[in-house]
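Here the structure is laid out as structure tokens; the discussion comes afterwards.
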Amino acid sequence: MTNRIEVVQGDITKQQVEAIVNAANNSLLGGGGVDGAIHRVAGPELLKECRKLKGCPTGEAKITRGYRLPAKWVIQTVGPIWRGGNYKEDEYLAKCYQSCFALLEKHLLKTVAFPSISTGAYRFPLERATKIAVTETINFLKRNNFVKKIIFVCFNNRVYDYYVSELKKYSISI
Ligand code: ADP
């Protein structure tokens, strides 16, 4: 378990993994933050493929190719917008991770990188989101022996520190 989780500080578009996860919006037609960065690097073919998907409901995920990214695949998921905590935000965020893991299983992908879904423009509290990301990941790895590496890519120090301290609670040191 321990050696299958990694935390790095950096840019998800540079990760050498089979699939990266995009924190997209319901339209899947591109946005700011990590979504903008992924589309910029992947190139216009990604938007073309996304148009055919006709959007994605919150908590679900759809897979596309990675085009000019080092990653062959992009798992597009849509996190919840934080509205104070009483609108099933926790459930929807957990469902994002579960939906991404289901696609890894379906496509037999062994390495994946996640951004901190919903914690940018969607303003989900970082500590709470990190707990959900880590819990869902550990639950998945407990029952799946095929996936080799799950990388949490943290865009800044603050995100990185939350992941490291959350993983410490499970005796996972980075
Ligand atoms: P959301 O709309 O789901 O909140 P954002 O893209 O606004 O999505 O933010 C999600 C997280 O992704 C934030 O922690 C943000 O700092 C981070 N982020 C932004 N750009 C990148 C990138 N290139 N690589 C990794 N993480 C990124």
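The table that follows gives values for the structure above.
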quantity: Which of H39, H107 is most accessible, then next, and so on - probe 1.4 Å; calculated: H107, H39
quantity: Computed helical MRE - 222 nm, the chain, DSSP H runs ≥ 4 contributing -39500 (n - 2.57), nearest 500; calculated: -12500 deg cm²/dmol
quantity: Length gained when the stretch E91-R40 is fully extended (0.36 nm per residue, less Cα-Cα span); calculated: 15.3 nm
quantity: Alpha carbon centroid spacing (whole Å) that separates the stretch 91-137 from the stretch 51-71; calculated: 15 Å
quantity: Partner lysines for K106 [C-alpha distance under 22 Å; skip if fewer than 8 residues away on the same chain]; calculated: K52, K54, K62, K72, K95, K142, K148, K149
quantity: The stretch 2-168 - share of DSSP beta bridges that are antiparallel (%, nearest 5); calculated: 25 percent
quantity: Whole-percent carbon and sulfur share, accessible surface of the stretch 2-168, 1.4 Å; calculated: 50 percent
quantity: For the chain, Kirkwood radius (reciprocal of mean inverse C-alpha pair distance, Å); calculated: 15.8 Å
quantity: With all protein chains modelled, accessible area of R128 [1.4 Å, Å²]; calculated: 90 Å²
quantity: Choice from N86, N156, N145 with maximal GNM fluctuation in the chain (Cα, 10 Å cutoff); calculated: N86
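The values are calculated or read from the model by the stated rules, or taken from the named source; none is laboratory data. These figures come from a predicted structure and were not determined experimentally. SASA here: full protein model, heavy atoms, side chains in, ligands and nucleic acids out. Shrake-Rupley method; radii C 1.70, N 1.55, O 1.52, S 1.80 Å.
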